[in-house]
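One structure is given here, and the rest of the page talks about it.
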Amino acid sequence: MKWLLLTTLLILNIFTSGQQPWREGEMQVRVYASSRAELDFIRQSCLNLDFCDGFMRAYLTPEELGKLSTFGILTETEISNLNEWSASFGPAGVPNGYYTVAQLDEIADSLAVNFPDICTLHTIGIGSGFNVLYALKISDNSAEDEDEPEILFDGGIHGDEVGGPENMIRFARDLCLQYNNDPYITDLVNNREIWIIYCLNPYGRNYMTRYNQAGIDINRDCGYMWNGEGNSPGPFSQPETKALRGILAGNQFVIHCSYHSGT
Ligand SMILES: [Zn+2]
């Protein structure tokens, strides 16, 4: 049985290692809608995009871009080949100066080991690509569920937005290092239960892609207002969103802050 499992994992690993992190030919494109009809067409097309200041930033296959052009919608390509762009970051997978997933996990582990009274590390699921999903809980008596307001932060749901995990792990480190040094931070740690999912999409971070290993934008995979964007086949279809739902259901968060960033 053990050998069967190992063989299966090996085959899956071989399969996934040849996979491209973005869709075939995918591009990053600015989209300028100049009329209600164009906006309606874009919405009906279920494209993967974010609203920015005066334009939409979309992630499009050549076929999707062709449909916009045929409709007469103005576009401007920012990155013409996202798979090549991802590969350009080399073995580290992230821009110089940013932590890798392994380094993020090492810092999280070291915080839990060195500050056991105020910091505990929780496994909240196994993400796509066999990546373990972690959450740090930082609070006085962190091993106990006390009667204190609970707050959730997450970062890195879009793996290519490297600012999120960076921000989250540095925030966690500041909370631990400044506890009993900085009065404001000490008060926060004493009177809040602060949960930090510092990297919700490790596969995406490893390969500098918006998607998880299944090619799905997990920020379009939750239940509220789900509409099939981002290649999502249904609400909470992915292990990352199931893990997020689990931690949300298991606690009483008064604030949930999700960090996104540029690349
Ligand atoms: Zn994002």
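What the table shows:
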item	result
Accessible carbon and sulfur surface of the stretch 22-87 relative to its total accessible area, %, 1.4 Å	51 percent
MET168, MET27, reordered so the largest accessible area comes first (probe 1.4 Å)	MET27, MET168
Unit charges at the beta carbon, dipole of the chain: most positive-side option, ASN114, LEU60, ASN227	LEU60
Extension gain (nm, one decimal) between ASP40 and MET225, 0.36 nm per residue minus Cα-Cα	64.9 nm
Angle in degrees between helix 239-249 and the longest Cα principal axis of the chain, rounded to the nearest 10	50 degrees
Selected from THR209, GLN178, ILE197, residue furthest toward positive end of dipole (the stretch 101-259; charges at beta carbon)	THR209
Farthest toward positive dipole pole in the stretch 22-87 [+1 Lys/Arg, -1 Asp/Glu at C-beta], among LEU74, PHE41, TRP85	PHE41
Charge dipole magnitude, Cβ of K and R +1, D and E -1 - the stretch 22-87, Cα centre, debye nearest 20	200 debye
Loop-located GluC sites (Glu not before Pro) in the stretch 114-200 whose Cβ has at most 11 other Cβ within 10 Å (DSSP)	GLU144
Charge dipole (debye, nearest 20) of the chain; +1 at Cβ of Lys and Arg, -1 at Cβ of Asp and Glu	840 debye
Inter-label distance, nm, simple model (7 Å from Cα along the C-beta direction), SER237/PHE51	2.5 nm
Fraction of beta bridges assigned by DSSP in the chain that are antiparallel (%, nearest 5)	70 percent
Mean Cα-pair separation over length for the chain, i.e. relative contact order, pairs under 8 Å, 6 or more apart, %	20 percent
Accessible surface of the stretch 147-263, 1.4 Å probe, proportion on carbon and sulfur as whole %	52 percent
Accessible solvent surface per residue of the stretch 61-141, calculated while the other protein chains remain in place, 1.4 angstrom probe, Å²	52 Å²
Degrees between helix 101-114 axis and first principal axis of the chain (Cα, 0 to 90, nearest 10)	20 degrees
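The values are calculated or read from the model by the stated rules, or taken from the named source; none is laboratory data. Just so you know, these numbers come straight off a predicted model, no measurement behind them. Methodologically, a virtual Cβ is constructed for each residue, glycine included, from the backbone with ideal geometry; neighbour enumeration extends over all protein chains shown. The accessibility values were calculated without ligands, DNA or RNA, using every heavy atom of the protein model including side chains. Shrake-Rupley method; radii C 1.70, N 1.55, O 1.52, S 1.80 Å.
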